[in-house]
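These notes are about the structure you will find just below.
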């Protein structure tokens, strides 16, 4: 498992503490803090008890909402959220050969695409 959205809550494990977006969180003098990444992407839903999507899900009770605006003045012309892996992982351990990501969006977004990069 890469990330378990079921663990996020409004307490010490808020979704944007792991998935960094354009807004960031907190204040620099009071950790945890992130200044944001200056792109047009925002994760989280402040109307739920977990800050996650709790209606549109796949195989669980939560998913990550991501909103983006690539034409927002003062921001980069792309949207990006970042999740840093803290431990080295062998992605082929146990015979794993595929990575599946589930997306849901409006048909107006049909020409937009996602890119996953690995180092």
Can you tell me how many residues within segment 5-29 are touching a residue at least 24 places away in the same chain (Cβ under 8 Å) and not in a strand (DSSP E or B)? 11
Being without any contact (Cβ under 8 Å) to a residue 40 or more places away in the chain and in contact with a strand residue (DSSP E or B) (Cβ under 7 Å, 6 or more places away or on another chain) is true for just one of 43, 81, 96. Which residue is that? 43
Are any of the residues in segment 30-37 without any contact (Cβ under 8 Å) to a residue 24 or more places away in the chain, out of contact with any helix residue (DSSP H, G or I) (no Cβ under 8 Å at 6 or more places or on another chain), surrounded by fewer than 18 Cβ atoms within 10 Å (Cβ to Cβ) and within 11 Å of residue 82 (Cα to Cα)? yes
Residue check, residue 3 against (1) touching a strand residue (DSSP E or B) at 6+ places or on another chain (Cβ under 7 Å); (2) under 29 Å from residue 90 (Cβ atoms); (3) surrounded by 14 or more Cβ atoms within 10 Å (Cβ to Cβ), all met but one. Which one? (3)
With respect to residue 8, determine if the residue is over 23 Å from residue 102 (Cα atoms), surrounded by 15 or more Cβ atoms within 10 Å (Cβ to Cβ) and touching a helix residue (DSSP H, G or I) at 6+ places or on another chain (Cβ under 7 Å). no
Among the numbered conditions (1) part of a loop (DSSP other than H, G, I, E, B); (2) surrounded by 12 or more Cβ atoms within 10 Å (Cβ to Cβ); (3) in contact with a strand residue (DSSP E or B) (Cβ under 9 Å, 6 or more places away or on another chain), tell me where residue 56 comes up short. (2)
Selection count where residues are at pLDDT 85 or above and assigned to a loop (DSSP other than H, G, I, E, B), scope segment 62-84: 7
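The values are calculated or read from the model by the stated rules, or taken from the named source; none is laboratory data. Just so it is clear, the structure is predicted and the values come from calculations on it, not from any experiment. All Cβ positions, glycine included, derive from the backbone under ideal geometry; neighbour counts span all protein chains shown.
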